[in-house]
Amino acid sequence: MSSIHFPTEIPSGDRRLTAGEFHRLGDVPPEAEWFDNISSPATRRAYRNAVGDFMAFTGIVRPEEFRIVTRAHAIKWRDELVKRGLAGSSIRHRLAALSSLFEYLCERNAVTHNPVKGVKRPKVENAEGKTPALGDHQAATLLAAPADDSLKGKRDRAILSTLLFHALRREELCRLTVRDARQQRRGVPHLVVTGKGNKLRYIPLHAGTAGLIHDYLEAAGHGGDEKGPLFRPLRSRTGAQGAAITPDGVYKLLQHYSALLGFRIGVHALRTTAATNALDHGADIAKVQEWLGHANIATTRIYDRRRTRPEDSPTFKVRY
């Protein structure tokens, strides 16, 4: 959406709006207002990419051009995404982003209807999900991969343990502060995790992970910075002190260690591994839903592989 002009930020502090700023904000197009109202950086990035792709496909440049979009435009774009070979889930996400924009425009009476409604979405190819889960032995081997006692080794062991025992998303891990890893609830150490939509959830902290975090903070020396980021880069390219490790940094870290084991996986594979492992060992699926921060239990069921375990097939119950 780079071709749509967004208003400049109003300076923070006690300063009130000037008359010019007040009138300028009143002229903000609802399309830009919708985008500015998305709080999650990850959602903003995904929605910017999706709507930007639709704009490039249709040739939209000015905000008011959204008001002449019809269902035929949305269908043609969907067909184009299919031709590009995008996965069904990716196409559904892009259509959902565009639909979210038009729902907002409807609320603002900028359009009379949502043209994305009624556009058929591709079917989800596999209810089980495509992200692979590691086996128990693979997960244990990955946890032990950062073997040395350097600051990097201690940090990376703590990061891998936090991901594998608490099923966090990349962005959630990066947002953790030192204080977030030191919360107590009913005498039990907890992690305070800021999830999608800035929703907080409290996750009991695994004892092994707590020890690794303690060792890392002692070596890194920022254990007293309660409000500062928990996990930090070893050195900041920008020179900023106390910066948090980035989602890309976490991704590269996992790519490095998984490659040493003979395979490459993304961070979401560790979330899948944790959820699948918990369910396989008898965790209640409603508790797992809360643990993962899912709004809908149908999303959690994707990680429930118990129904598809080969050893449970009727094939192996047949006796002649």
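Read-outs throughout are calculated quantities, based only on the coordinates presented, and are distinct from any laboratory measurement. These figures come from a predicted structure and were not determined experimentally. Positions of Cβ are backbone-derived with ideal geometry, glycine not excepted, and every protein chain shown enters the neighbour counts.
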In this structure, the FRET efficiency calculated for His137 and Arg44 from their beta-carbon separation, with R0 = 45 Å, to the nearest 0.05, is 0.70
Most exposed to least, judged by fewest other Cβ atoms within 10 Å, Asp180, Asp304, Asp148 sort to Asp148, Asp304, Asp180
Each label sits 7 Å from Cα toward the beta-carbon; between Glu80 and Ala219 the label points are separated, in nm, by 5.0 nm
Between His93 and Ala243, the two model label points (7 Å from Cα along the beta-carbon direction) sit apart by a distance in nm of 2.5 nm
Partner lysines whose C-alpha sits under 16 Å from that of Lys117, ignoring same-chain residues fewer than 8 away, are Lys76
With bins of 5 Å, the percent of all Cα-Cα pairs of segment 136-308 per bin from 0 is 1, 8, 17, 22, 21, 16, 9, 4, 1, 0, 0
When Asp79, Asp156 are arranged by how many other beta-carbons sit within 10 Å of their Cβ, fewest first, they go Asp79, Asp156
Once Arg319 and Glu107 are pulled to full extension, the length gained, defined as 0.36 nm per residue separation minus their Cα-Cα distance, is 70.1 nm
Taking only the alpha-carbon positions of segment 140-235 as identical scatterers, the Debye log10 I(q)/I(0) at q = 0.20, 0.21, 0.25 Å⁻¹ comes out as -0.99, -1.09, -1.50
Other residues with Cβ under 13 Å from the Cβ of His214 give, with Lys and Arg +1 and Asp and Glu -1, a net charge of +2
Placing each pseudo-label 7 Å from Cα in the direction of the beta carbon, Asp149 and Thr58 end up separated by a distance in nanometres of 6.2 nm
For Lys152, Lys120, ascending order of other Cβ atoms within 10 Å (fewest first) is Lys120, Lys152
XL table Lys120/Lys199; Lys152/Lys252; Lys199/Lys227; Lys83/Lys123; Lys123/Lys287; Cα-Cα > 20 Å flagged, in table order, is Lys120/Lys199; Lys123/Lys287
Answer in debye to the nearest 20: the dipole magnitude of segment 136-308 about its Cα centre, from +1 Lys/Arg and -1 Asp/Glu charges placed on Cβ, is 460 debye
Taking only the Cα positions of segment 19-107, the convex hull volume per residue in Å³ is 104 Å³
